[in-house]
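The values are calculated or read from the model by the stated rules, or taken from the named source; none is laboratory data. All of these numbers come straight from a predicted model, not from anything done at the bench. In this analysis, Cβ positions are derived from the backbone assuming ideal geometry, glycine residues included, and neighbour counts consider all displayed protein chains.
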Amino acid sequence: MRADLLSDPLDGVGEALAAVAALDQALTTGLLRPQPAQAAGLAALADAVSASPLGSKVAEAADKAAAGAAGEEHFLFLAAARIALFGSVHDALVARVDQATGRTRQEWTVPPADPGQAENLVLAARSWLADVARAGWQGIDHDLVSGAEPVISALLPHPRLRRLAALLDGFAAELAASCPGSALDRIPARRWGDLWSRALLLTVPGATDAPTSTVSGRLLPLGVDLHEHATAAQAQVHAVLEPVGGTPFLVRASVSAPKPDTIIGAGIWQVLRPHMSLLTAVSEGRSVELTDMPITAEGDLLWQDEHARLGEPADPFVTARVVLPTASTPPTAPLDRHPVRIAVPVFLEGYAAEQTEDVLTFAIGGSPVGVDTDRVPAGPLTPEAVAGSNACIGLLRWDAGAFRVQPLAVETTARKKTVALHAGAWAGGAVDKVGVKAEKAATDAATVLRERAGRLLRK
Amino acid sequence: MSDWESASTARVLPPARPRKLAKVPFVELADGRLQGVVSSGSDIERVYVSSIAAGSYEFACSTNNNRPCGGARGSFCNHIHALITESVLQYGVDRVARYLRVEGTDLDAPALHSLMLASRPSQADSAAAAQVFSRFLRHLAYVELPPTTSPLPELQWFPPTRSVV
């Protein structure tokens, strides 16, 4: 990887983020009675997208919002403008990543979905999000935030609405813990602006439609990435697929579930494990043979165990060394183009690990890249192991103005032997001493909750 | 703007901490109260719904069938004691103390307990119990919600933590 390219400045990114920050400032104080400074921020946002197809709609929305008269549709266009700006930042970043990795990216050729009718459930979410924008982050209180609860409870049981439900659930929990907003001494304005605009976008009919095809071939896992908030978790396996009669490309396979906030650590794997046999394959270091597995144009396998068969052993480090350099990258769906979505599998070796206080960097060919060990879930892959490693499979990510590598697995040397440690080692079931203890504690917690649910829930 | 303020994945909530759930299956800081559910030691069908209000420390404890708890007459009962202890395990003492507005240095669960008692809090009626119990049921319902293998790109905003159960 050409790490030197990752620290070079990118044209236009600063300007795009400044326009985003202008909207975020307006959202901080709220749009109920906007002040001149907020009006200027809204105008700056409208100006930044004026040449795009959104231009006139956003200009109108910014005018209405500046007058304190914005309706739900207007908030939707402000959110769309913010997302479009991040789309442009995303594209600039992935172009740079592709240069650094030398990989080719496929073109997005799927036509836009036909927007249907918005459901009432989704419109209730939109209405809450509009109220939040009027109050602003500094104006949130318990009454306002708890208004999301019935909406979330109604959304959660429907897997097709899970994207919106899981997002709102995590977002509302953060807002609830931050009430009253007037007492906050600092505000995660970028983050909450992201979550707010994404949630609004997901209320647009057709926004989450993803046409699928099917694929057959050999799946070679690279590692597992975990995402979690208090009441949801998702495991995402990154892998290379060698399709029958085709050239290899990068894919992901995901499994997610809502969970009570007291299910954490090993308990999360226990919740997810029964629903995707791939997690077992990953822990055992095996390949998987796929037959007619559904897949989206973004390279997301829509996993169904009946289309998968456990295959031969496949060392992720061999995959990373031999197959990964030949793999191409599927495109990202237009609405999902956001820097946070960038998680590009990379293989690194021959770096010099440097630890200064709590910041770890890998110097690759003399260029330092930050290492995000905080993103590694509990398991045998510890920050110390990463710092002492010789080779690393990771995900290249970007946030707060810099690229970082999130380790998925490392090779270290112990007693003159090479040892591999994986972030997802516990995914299919822990066998090490610490892991077995964690599994036991998690089983106990889940047993209590199931027993209580069985006894009390259906009365 | 600081890195935290300009980070999409800025951490806002500290990770939950592991605790055993057998005695107190549910604890939360919500609705201006520390509230939760404590399983009865003698009757498997019975749970106690307990709460302490932030600021006033007004407390309440009753069963899920709305019978008052015999121990909570004029003072904190054992259920409220267990609620405080478990909330400190789950959220950390600082977050619990800040939410309840208890001030002090070197706080721990027993100190929280005695500082709140020292202000002679009054006993609330059991009006909140039904709401707390329904929030507990909502919490339990998460165990039974169906998983999905369709990707949730929005969870990219929620990176994991290193906490171990």
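Tabulated results
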read-out	value
Hits in the range A:117-148 - residues which are closer than 29 Å to B:L145 by Cα, modelled with pLDDT of 95 or more and of a type in the set (D, E, K, R)	A:R126, A:D131
Residue check for A:P159: surrounded by fewer than 18 Cβ atoms within 10 Å (Cβ to Cβ) and either under 17 Å from A:A70 (Cβ atoms) or not hydroxyl-bearing (S, T, Y) (or both)	yes
Any hit, the range A:183-197, residues being within 10 Å of chain B (Cβ to nearest Cβ) and more than 27 Å from A:D336 (Cβ to Cβ)	yes
Matching residues in the range A:266-281 - criterion: being more than 20 Å from the chain's Cα centre (by Cα) and surrounded by 22 or more Cβ atoms within 10 Å (Cβ to Cβ)	A:A266, A:G267, A:A281
Test: residue in the range A:351-373 that is surrounded by 15 or more Cβ atoms within 10 Å (Cβ to Cβ) and within 9 Å of chain B (Cβ to nearest Cβ)	yes
Residues satisfying the stated conditions in the range A:106-159, i.e. within 14 Å of A:C179 (Cβ to Cβ) and part of a loop (DSSP other than H, G, I, E, B)	A:G136, A:I140, A:D141, A:G147
Cross-chain or 6+ apart pairs with Cβ under 6 Å, the range A:13-42 first and free of Cβ contacts under 8 Å to residues at least 60 places away in the same chain and within 13 Å of chain B (Cβ to nearest Cβ), then assigned to a helix (DSSP H, G or I) and among the hydrophobic types (A, V, I, L, M, F, W, C)	A:A22/A:A44; A:A22/A:L45
Lone qualifier among A:V340, A:V369, A:V346 - being in a helix (DSSP H, G or I) and modelled with pLDDT of 95 or more	A:V340
Selection status of A:P36, at pLDDT below 95 and not assigned by TED's automatic domain parsing to the domain that holds A:R190	no
Residue that is farthest from A:V255 (Cα to Cα) [pool: residues in the range A:412-423 that are touching a residue at least 60 places away in the same chain (Cβ under 8 Å) and touching an Asp or Glu at 6+ places or on another chain (Cβ under 8 Å)]	A:A420
Where B:A22 falls short, out of the listed (1) over 12 Å from the mean Cα position of the chain (by Cα); (2) crowded, with 16+ Cβ neighbours inside 10 Å; (3) within 13 Å of another protein chain (Cβ to nearest Cβ); (4) part of a loop (DSSP other than H, G, I, E, B)	(2)
Output for the range A:262-300, where each listed residue is of a type in the set (G, A, S) and over 30 Å from B:V88 (Cα atoms)	A:S277, A:A281, A:S283, A:G285, A:S287, A:A297, A:G299
Condition met for B:S51 (facing chain A (nearest Cβ under 8 Å), of a type outside the set (F, W, Y) and crowded, with 18+ Cβ neighbours inside 10 Å)	no
Some residue of the range A:238-245 being touching a residue at least 12 places away in the same chain (Cβ under 8 Å) and either under 30 Å from B:V12 (Cβ atoms) or at the interface with chain B (Cβ under 10 Å from one of its Cβ atoms) (or both)	yes
Only one of A:A363, A:A314 that is more than 21 Å from the chain's Cα centre (by Cα), at pLDDT 95 or above, outside the structural domain of A:P243 (by TED's automatic domain parsing) and not polar (S, T, N, Q)	A:A363
Check on A:S178, loosely packed, with under 14 Cβ neighbours inside 10 Å and assigned by TED's automatic domain parsing to the domain that holds A:S197	no
Complete set of residues in the range B:23-49 that are within 26 Å of A:D169 (Cα to Cα), touching a strand residue (DSSP E or B) at 6+ places or on another chain (Cβ under 8 Å) and of a type in the set (G, A, S)	B:G32, B:G36
Residue in the range A:299-347 that is surrounded by the most Cβ atoms within 10 Å (Cβ to Cβ), counting only those that are more than 20 Å from A:R103 (Cα to Cα) and more than 14 Å from chain B (Cβ to nearest Cβ)	A:A314
Residues that are over 14 Å from A:P331 (Cα atoms), among the hydrophobic types (A, V, I, L, M, F, W, C) and at pLDDT 95 or above, drawn from the range A:93-116	A:A100
Selection from the range B:87-125 of residues that are assigned to a helix (DSSP H, G or I) and within 30 Å of A:L156 (Cα to Cα)	B:S87, B:V88, B:L89, B:Q90, B:Y91, B:R95, B:V96, B:Y99
Residue in the range A:216-231 that is surrounded by 24 or more Cβ atoms within 10 Å (Cβ to Cβ), facing chain B (nearest Cβ under 7 Å) and acidic (D, E) present	yes
Residues satisfying the stated conditions in the range A:387-436, i.e. of a type in the set (D, E, K, R), assigned to a loop (DSSP other than H, G, I, E, B) and over 24 Å from A:V271 (Cα atoms)	A:R415, A:K416
One residue from B:A72, B:A118, B:A97, B:A130 being more than 27 Å from A:R273 (Cα to Cα), within 14 Å of chain A (Cβ to nearest Cβ) and of a type outside the set (S, T, N, Q)	B:A130
In the range A:190-211, the residues that are of a type in the set (G, A, S) and buried (at least 23 other Cβ atoms within 10 Å of the Cβ)	A:G193, A:S197, A:A199
